[in-house]
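Read through the structure below, which is laid out as structure tokens, and then see the notes.
The values are calculated or read from the model by the stated rules, or taken from the named source; none is laboratory data. These numbers were taken from a predicted model, which means no experiment stands behind them. Note: ideal-geometry Cβ built from the backbone for every residue, glycine included; neighbour counts use all protein chains shown. Ligands, DNA and RNA are stripped out before the accessible areas are found, and what is left, the full protein with its side chains, is counted by its heavy atoms. Shrake-Rupley method; radii C 1.70, N 1.55, O 1.52, S 1.80 Å.
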Amino acid sequence: AAKGDGRGLHRFYQQEMLAGAQSRKVLEDDLRQALVQNQLHVAYQPLVATSDARIVGYEALLRWEHPIRGGISPADFIPIAEECGMIETLGEWVMRTACHDAAQWPDHVRVAVNVSPIQFANPALPSIVANALASSGIAPDRLELEITEGVFLNETASSDAMFASLKGLGVRLSLDDFGTGYSSLGYLRKAPFDKIKIDQSFVRGAAIAGNRNAAIIKAIVTLADTLGMETTAEGVETQDEIALIRELGCSHIQGWVYGKAMRAEIVLEVLQAGGQARLVGHRTSR
Ligand code: C2E
Ligand code: MG
Ligand code: MG
Ligand code: MG
């Protein structure tokens, strides 16, 4: 910008930053109240087998209904919870709630819980997971922990030990949002993942002719197959995308085409009705 604009621009940004910091602080204070005031709930999005459209599990996704602001996205409040240290409390609550809800489901239906890199760095995580399993009574292999590449950023010898003790509990491990971060192939060699979740940015547009994403998905699936890992395509929104994902060989599908995350009561109704995933809407193409 021209030099003359500089000061005005600077002042503008200062005000913006202050407003941002203030609203962040307000949000942080509100979040501390949210749990005790029952504003949080865990919603569940179906994980569907590509082969026969059976629901094989659900991903637990945290939801916050703010009394004034309405629904706030976890993409907005999880980072705040991570920075202000609240993620430990929230994460443990989600873990216990998800295991407790899954205890009402048929035994073949798993539950997937997101684990923040901050939780992963806490040596108490295995005992928190073990307690959630024990108090709910679900079999350990019904619980999938979704971990992002973020856990590898400040990698230490203790992350190897953490992987080993989580595997020792008998839970399953998924590598979430694969392809968005550094996606080092070394992660796949070192960590005992059962599943790779291919980030939705690769699914976007993959069904359009000539799009390179399909080739990338194919390569990830080939790699996962060779390593004995399952694959979930995230963010599948259309029937064209289902067809393509099936062709590319992903074992599982997650996306709005089979439904958004829903309340535990609705999940129970769907499972009691047979647990077959149904197409939502009739969109064919983006
Ligand atoms: P994620 O773990 O990758 O979860 C999948 C996200 O994709 C969810 O967003 C889901 O609603 C969204 N999604 C699923 N299908 C579609 C689709 O077809 N189209 C589009 N556009 N989006 C789709 P959500 O619920 O907003 O959560 C965002 C992120 O927040 C999650 O990404 C996860 O990283 C984090 N998160 C949510 N709940 C928790 C939690 O309990 N603990 C932690 N640590 N993180 C959480
Ligand atoms: Mg996830
Ligand atoms: Mg994901
Ligand atoms: Mg994501």
Item checked: Nitroxide proxy distance, nm - points 7 Å out along Cα→Cβ at HIS41 and TRP256 -> 2.1 nm
Margin query: Please compute the per residue accessible area over the chain with all protein chains in place, 1.4 Å probe, rounded to a whole number of Å².
Written below: 50 Å²
Check: What is the set of long-range amide H partners of GLY57 at a cut-off below 5 Å, with H atoms built 1.01 Å from backbone N?
Finding: LEU47, ARG110
Notebook entry, point to check: If the viscosity is 1.002 mPa s and the temperature 20 °C, what Stokes-Einstein diffusion coefficient in µm²/s follows for the stretch 49-180 when Rh is the Kirkwood radius over Cα pairs?
Noted result: 137 µm²/s
Next item on the list: Step through the residues of the stretch 166-179 one at a time and calculate ³J(HN,Hα) from phi using the Karplus curve (6.51 cos²θ - 1.76 cosθ + 1.60, θ = phi - 60°), rounding each to whole Hz and writing x for Gly and Pro.
Entry: 5, 4, x, 6, x, 7, 9, 10, 10, 8, 7, 6, 4, x
Item checked: P(r) of the stretch 42-102 over all Cα-Cα pairs, binned every 10 Å from zero, in whole percent -> 20, 42, 28, 10, 1
Checklist line | Volume of the Cα convex hull of the stretch 134-272, divided per residue and given in Å³ | finding: 132 Å³
Next item on the list: Note the full-extension length gain between GLU247 and ALA139 as 0.36 nm times their separation in residues minus their Cα-Cα distance, in nm to one decimal.
Entry: 35.6 nm
Next item on the list: Determine how many Å³ per residue the convex hull of the Cα atoms of the stretch 204-286 encloses.
Entry: 100 Å³
Checklist line | Within the stretch 51-199, percent of DSSP bridges classed antiparallel, to nearest 5 | finding: 15 percent
Next item on the list: With runs of 4+ DSSP H residues as the only contributors, calculate the mean residue ellipticity of the chain at 222 nm using -39,500 (n - 2.57) per run, divided by the residue total and rounded to the nearest 500.
Entry: -13500 deg cm²/dmol
Next item on the list: Please tell me which of these pairs span more than 21 angstrom C-alpha to C-alpha: LYS190/LYS260; LYS25/LYS260; LYS218/LYS260; LYS167/LYS190; LYS167/LYS260?
Entry: LYS190/LYS260; LYS25/LYS260; LYS218/LYS260; LYS167/LYS260
Item checked: Three-way shape label, the stretch 220-268, alpha-carbon gyration tensor, a/c 1.5 -> oblate
Notebook entry, point to check: Based on the alpha-carbon gyration tensor of the chain and its eigenvalue square roots a ≥ b ≥ c, which shape applies: rounded if a/c is under 1.5, prolate if not and a/b is larger than b/c, or oblate?
Noted result: rounded
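Percent antiparallel among DSSP beta bridges with both residues in the chain, to the nearest 5?
40 percent
Show me 230-238, 117-125, 66-74 ranked by packing, highest mean number of other Cβ atoms within 10 Å first.
230-238, 117-125, 66-74
With an 8 Å cut-off on Cα pairs and a minimum separation of 6 or more residues, tell me the relative contact order of the chain in percent.
Result for the chain is 18 percent.
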